[in-house]
Amino acid sequence: MSEFSSPVSPRRAMLRSLVGGSLLMPGLLSELLADQSIANAADADPLAAKQPHFEAKAKRVIFVFSNGGVSHMDTFDPKPALFAADGKKTGAGGGLSNLQRVLLKPLWEFRPGGECGTMVSDLFPHLRQCMDDVCLIRSLNGNDNEHYNATLGMHTGSFFFSRPSIGSWVSYGLGTENQNLPSFVALAPQMPYAGTQIFNNDFLPAYHQGVRVLGGAEPIPNLSRRSRQRGLQELELGLADLLNNRHLNERAGDTDLSARIRSFETAFHMQSDAPEAFDVGQESDETLDLYGLKRGDNEGFGWMCLVARRLVERGVRFVELVDGSSSHNWDQHGNMAEHAEHAKNIDQPLAGLLRDLKRRGMLEDTLLVWTTEFGRTPGVDGEKGRGHHSACFSSWMAGAGVRGGMTYGETDEIAATVAENGVHVHDFHATILHLLGIDHTRLTYRYAGRDFRLTDVHGRVIRDILS
């Protein structure tokens, strides 16, 4: 079991205040309130904030996932030799195969960004200006070249079997800083290749599943209060809570039932806090411009980035942003020029988020992560596209505890294989947990007779990138 423990959060006084003065079923209410075992069941709070294993640099994470496989040699990993070798044939499978491929040069020029001079392509002109705050990892690698498996691995550490997502592990390990909002929120208007598994709790207690937010006029469906009569909903929920806990008391250890009961209380509190958090209309015109938003926008990637900042600002522990769907994403087999559309969609909002966090002093204890499931082949796949490539690709981190203005790891001259300082997905996860004050080898959960963890039996912290 995890070495974390959940402190008690008493709710008896709240429940008594909700139902104590009611004339509805007074005998039953008195009986329920007098039942000490039910009161104890109501007291436990599995999402209460927990202490990390050691002093943390980061209190919260914003995890941005670009779905489909972003080409590293067209974005963050410049390869002059690949420009020069355009049209030539070579065994550029990078561990994928020995098939002779015709090499394809990148379509965009690279230029230095920030004072550090990190080279970034013209696909990301706004992000390029922020590289002094970014640690760019150019040697990430995974275990699978299929979208579903690679996306599953990037989110759960398992490339072949369903496991809890990283957001669920963080929720399990640290709880939430705000009881009126979920500990884990997934801003996912559309689903990526692994579907709901990206925010699923799997075998962890169900209250650690991510809450999906869609955007639009109603970001979370059915959240509005159904009655305007003051106190009526509180009374009904208080009575339901007492009855539910009596039911739970007879079924000890049923985490799905416990989580369902907990979800009613969370939803009730969210009715007051969540609409305010999603209302970006409270922001200044200058802030909206920073994210590329127009006043009145309530969807799109810029809106998601601004909402992510507002959520972590209010104590949400882990926020994921999903860029792209299973049908419209970065998977350009036919024409690499289509990368331009996807880059334009996220470049300014991501740069705006990074700048906004920094100017508010939030980057000091917020970890911003950008990644994809794998990279692309240096050789042509299709007419003018690239294939899937898990042997090496690029991702980056910024903020709490991370050294900005640096690159880590190298690939070979055509970006086909890792040449130096490889970082496996397990190492990536171990480092994120470390920045949160979590020893990845100690954050475990016993299931089916064994102790599971996000990094399985692997993973090492990449200490060279830590500040």
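You will find that of D132, D86, the residue that is of a type in the set (D, E, K, R) and part of a loop (DSSP other than H, G, I, E, B) is D86 and no other. Based on what the data block shows, is S158 of a type outside the set (D, E, K, R), surrounded by fewer than 18 Cβ atoms within 10 Å (Cβ to Cβ) and assigned to a loop (DSSP other than H, G, I, E, B)? For S158, the condition - of a type outside the set (D, E, K, R), surrounded by fewer than 18 Cβ atoms within 10 Å (Cβ to Cβ) and assigned to a loop (DSSP other than H, G, I, E, B) - is not met. Do we have T441 as under 30 Å from K88 (Cβ atoms), of a type in the set (S, T, Y) and either free of Cβ contacts under 8 Å to residues at least 24 places away in the same chain or in a strand (DSSP E or B) (or both) here? Here the answer is no, as T441 does not meet what is asked.
Scanning the range 389-406 for residues that are assigned to a strand (DSSP E or B) and buried (at least 21 other Cβ atoms within 10 Å of the Cβ) yields H389, F393, S394, S395, W396, M397, A398, G399, V402. Inspection of the range 337-352 finds a residue satisfying the criterion of being over 26 Å from R60 (Cα atoms), buried (at least 21 other Cβ atoms within 10 Å of the Cβ), touching a residue at least 60 places away in the same chain (Cβ under 8 Å) and not aliphatic (A, V, I, L, M). If you go through the range 345-360 one residue at a time, do you hit one that is under 14 Å from G68 (Cβ atoms), outside any loop (DSSP other than H, G, I, E, B) and of a type in the set (A, V, I, L, M)? The answer is yes, given that some residue of the range 345-360 is under 14 Å from G68 (Cβ atoms), outside any loop (DSSP other than H, G, I, E, B) and of a type in the set (A, V, I, L, M). From the list T266, T255, the one residue that fits, being crowded, with 19+ Cβ neighbours inside 10 Å, at pLDDT below 70 and within 26 Å of I432 (Cβ to Cβ), is T266.
The values are calculated or read from the model by the stated rules, or taken from the named source; none is laboratory data. Owing to the predicted nature of the structure, the values given are computational and were not obtained by experimental measurement. We place every Cβ from the backbone using ideal geometry, glycine too, and count neighbours over all the protein chains shown.
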